[in-house]
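Reading through the structure tokens given below for one structure.
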Number of protein chains: 2
Amino acid sequence: MPEFKSVNEFRLNGGKYFVPSVSIDCVIFGFHDNQLKVLLLKVVNYHGWGLPAGFIYKEEDIDAAAQRILQERTGLHDIFLQQFYIFGNANRCDNNITKIAFDNLQIKAKPNNWLLQRFLTVGYYALVDFKTVNASHDIFSEEFEWHDIDCLPTMAMDHGQIVQQALLTLRTHLRYEPVGYNLLPEKFTMPELQKLYETILGKKLDRRNFQRKMLSYDILKRLKQRREGVAHKAPYLYSFDLKKYSTALKDGFQSAW
Amino acid sequence: MPEFKSVNEFRLNGGKYFVPSVSIDCVIFGFHDNQLKVLLLKVVNYHGWGLPAGFIYKEEDIDAAAQRILQERTGLHDIFLQQFYIFGNANRCDNNITKIAFDNLQIKAKPNNWLLQRFLTVGYYALVDFKTVNASHDIFSEEFEWHDIDCLPTMAMDHGQIVQQALLTLRTHLRYEPVGYNLLPEKFTMPELQKLYETILGKKLDRRNFQRKMLSYDILKRLKQRREGVAHKAPYLYSFDLKKYSTALKDGFQSAW
DNA sequence: TCAAAAGTGTTTTTTTTACACCCATGT
DNA sequence: ACATGGGTGTAAAAAAAACACTTTTGA
């Protein structure tokens, strides 16, 4: 895999290594302080926020490319990652990041520069444990930051729309398959799990019914331990029964909320 | 839009008009004789069956490209069409149709020929009224044919897998949104609608419960007419209340089977 | 001692499932 | 007249929704 010394070298000469005209955009969800968050980055020589993105090597499976891009950005391996949509409007790249960066830097790139073409982008969403992410700068980005899902900054191109679509997809998946293993630390309480569901769905749920339904899925283990040092009554800790969780993920379950 | 005189001219020179490395594959579902069917084509200079496919013009939205491709193939406008997955394994084009055709015809194309590259393909599924389709030959295909969903011929590349994925998607959508308007003629009977559901789901449903649930969605109008000239008791004809149908399609509905 | 969060169980309502009888039609 | 498919309703079971009291703990 080639190494690039600078973002501009990449922008000028990266084209020969990648599948042309297709990018990957990652919506990385994390959960912290009872809030669903998205990892955004500030792009160099550009004024706004964007999604962590990348390209597909010519001999690389797209799922592998998405995993690689995620790993480069978060340091995590084996992330839960799912393709959810391909965005392919003709005009989505009219104000693309590279074009604006070139303008800002007064670089005159050839019009056939690979990054100045119209791109389709494959949207992937990732679920990660907020605390174990070690978001790292790379040559493309100045700054990484978690943003609350319902308080996003203005974003580049159609990235705002991509986040919304990812959230909709996640919300749908929540109904038919287990979610949580990838977003929560190993041990968590039932109220914490509920808060996760509530922020994804964007609505309050009944505490008792939630617990009953969650337990009926038979993917949780209640531990002997309770969460200590908290105000009020100490809640039990749970963890996922990974085997049953995987089965449920594969087979799905029927439900409504 | 350019016109090509022959498939080989297209294969050799078509590249400059299209987004490189991305194709569109269409899984066209129809319903006839109580069977769910898929429209397949036999490709010229190739030994097997494939999905109707096409490419995206450089200035064209992908959804528009899919609509155009469908229209070229079926003669139908405003088809129900939905993107469902992007297939991007690196090796999916190892035995691609063009390569084999070139070999068969002993054409020596340049290795950088646009069609000999690795392609990603965007899968769309379409629901069409079997009877109004007028599948037309074009320069790429020798023969169009409807195939029963559970009796498909050996297919090119990963097209078999693409059909299965489309079917799975349709099966899922069936649970959460109305299906039928696009697959059935304007007037149809409840047993016909049920047969459609049964073939998509691949299982028998209870007649009485099916009717109750279907009516509860409040998207059907029962007509005064009955189907005439059939053996046994004449069933009522129904048609969809298009306004309510559209609303339901947008909002979805919750359900299980 | 009290406010705030957590644990638990019961009742009501809704949805789903299972199931049976009568009706119309062509053979 | 009868076999076949179509129309309809009801009772039982399961799932979801609504709801209240008790326990624990730190402030």
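Summary of computed values
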item	result
Some residue of the range A:241-254 being touching a strand residue (DSSP E or B) at 6+ places or on another chain (Cβ under 8 Å) and away from DNA strand D (no atom under 11 Å from the Cβ)	yes
Of the criteria (1) within 16 Å of DNA strand C (Cβ to nearest atom); (2) closer than 27 Å to A:Tyr125 by Cα; (3) more than 14 Å from every other protein chain (Cβ to nearest Cβ); (4) more than 23 Å from the chain's Cα centre (by Cα), which one A:Leu237 fails	(2)
Which numbered condition A:Arg222 fails, given (1) away from every other protein chain (no Cβ under 14 Å); (2) surrounded by fewer than 16 Cβ atoms within 10 Å (Cβ to Cβ); (3) away from DNA strand C (no atom under 14 Å from the Cβ)	(3)
Qualifying position, being among the aromatic types (Phe, Trp, Tyr), more than 30 Å from A:Phe4 (Cα to Cα) and not in a loop (DSSP other than H, G, I, E, B), among A:Tyr197, A:Tyr124	A:Tyr197
Which listed residue, of B:Gln35, B:Gln71, B:Gln83, is under 20 Å from B:Phe130 (Cβ atoms), under 14 Å from the mean Cα position of the chain (by Cα) and either surrounded by fewer than 20 Cβ atoms within 10 Å (Cβ to Cβ) or not assigned by TED's automatic domain parsing to the domain that holds B:Trp114 (or both)	B:Gln71
Count - residues of the range B:165-191 that are surrounded by fewer than 19 Cβ atoms within 10 Å (Cβ to Cβ), of a type outside the set (S, T, N, Q), farther than 29 Å from B:Val122 by Cα and within 14 Å of DNA strand D (Cβ to nearest atom)	3
Count - residues of the range A:111-125 that are more than 10 Å from chain B (Cβ to nearest Cβ) and either in contact with a helix residue (DSSP H, G or I) (Cβ under 8 Å, 6 or more places away or on another chain) or closer than 11 Å to A:Phe55 by Cα (or both)	7
Those strands (runs of 3 or more DSSP E) lying entirely in the range A:23-103 with at least 3 residues within 21 Å of B:Ser23 (Cβ to Cβ) and within 13 Å of another protein chain (Cβ to nearest Cβ)	A:53-57, A:80-87
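Condition check ((1) closer than 23 Å to A:Phe130 by Cβ; (2) within 13 Å of DNA strand C (Cβ to nearest atom); (3) among the β-branched types (Val, Ile, Thr)) across all residues:
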{"position": "A:Ala166", "(1), (2), (3)": "yes, no, no"}
{"position": "A:Tyr176", "(1), (2), (3)": "no, no, no"}
{"position": "A:Asn182", "(1), (2), (3)": "yes, no, no"}
{"position": "A:Ile200", "(1), (2), (3)": "yes, no, yes"}
{"position": "A:Ser216", "(1), (2), (3)": "no, yes, no"}
{"position": "A:Arg226", "(1), (2), (3)": "yes, yes, no"}
{"position": "A:Tyr245", "(1), (2), (3)": "yes, no, no"}
{"position": "A:Leu249", "(1), (2), (3)": "yes, no, no"}
{"position": "A:Gln254", "(1), (2), (3)": "no, yes, no"}
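The values are calculated or read from the model by the stated rules, or taken from the named source; none is laboratory data. For clarity, every value in this text was computed on a predicted model and none was experimentally measured. A quick note on method: Cβ atoms are made from the backbone with ideal geometry, for glycine too, and the neighbour counts reach across all protein chains shown.
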